[in-house]
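What follows is a set of notes on a single structure, which appears directly below.
The values are calculated or read from the model by the stated rules, or taken from the named source; none is laboratory data. Note that the structure is a prediction, hence the values are computed from the model and not measured. In this analysis, Cβ positions are derived from the backbone assuming ideal geometry, glycine residues included, and neighbour counts consider all displayed protein chains. These accessible areas exclude ligands, DNA and RNA; they are computed on the full protein's heavy atoms, side chains included. Shrake-Rupley method; radii C 1.70, N 1.55, O 1.52, S 1.80 Å.
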Amino acid sequence: TAKAIDYTLGHWAALTRHLEDGAVAIDNNHLERQIKPWAMGRRAWQFVGSELAGQRAAIIMSLVQSARLNGHDPWAYLRDVLERLPTLPNTRLAELLPHRWTPRLAEDTAGR
C-alpha cells in the first residue's frame, strides 16, 4: 500500500491533469480499443509467409486503420483506391491517402 501511495503522490500532477483540462481523457480506453485487433492478431501474423508478405500486410493494415481514423469505411476506401490506382499518374498518388481521399461519387456529383 505504501508503494501505491508513494507512486500516486509522485505522479499527482499527471494523475489529476484531466481535472484541469476537460479535453484530457481520464483513461486511455479509447486507444486501447483501437490497438486491440493488432495486439490480438500479432501471434497469427508471425506465420504470414515471408518478410515481404509481412511488409505488405503491414501496409494494408495501416491503410485500413488510417481510413477508419479519418472516418471512412475501410472497404469502400480500399475498393475505390484499387479501382483508381491503375489510371492515376504517379504525381497524384498522394490524393489517395486516407486523410486526403474523397470518394469518387462525391467527386462525380461535384463536377456536374
Exercise for review: Mind pulling the angle between the C-alpha long axis of helix 74-84 and the longest principal axis of the chain? Nearest 10 degrees, somewhere in 0 to 90.
Suggested key: 30 degrees
Check your understanding: Taking 0.36 nm per intervening residue step and subtracting the Cα-Cα distance, what contour gain separates residue 3 from residue 65 on full extension?
Key -> 18.5 nm
Review point. Under the Kirkwood approximation applied to all pairs of distinct alpha-carbon atoms, what is the hydrodynamic radius of the chain in Å?
Key: 18.1 Å
Check your understanding: In whole percent, how big is the carbon plus sulfur part of the accessible area of the chain, probe 1.4 Å, protein atoms only?
Key -> 59 percent
Review point. In whole Å, how far is the Cα centre of the stretch 1-27 from that of the stretch 87-106?
Key: 43 Å
Review point. Hey, what do the phi angles of the stretch 49-57 turn into as Karplus ³J(HN,Hα) couplings, whole Hz, using 6.51/-1.76/1.60 and θ = phi - 60°, x for Gly and Pro?
Key: x, 7, 4, 5, 5, x, 5, 5, 4
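Please sort 80-88, 67-75 by packing, taking for each peptide the average over its residues of neighbouring beta carbons within 10 angstrom, highest first. Show your work: numbers first, answer last.
Numbers: 80-88: 12.0, 67-75: 13.9.
Answer by packing, highest mean first, reads 67-75, 80-88.
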Review point. So what is the accessible area of the stretch 52-107 per residue, in Å², with the probe set to 1.4 Å?
Key: 68 Å²
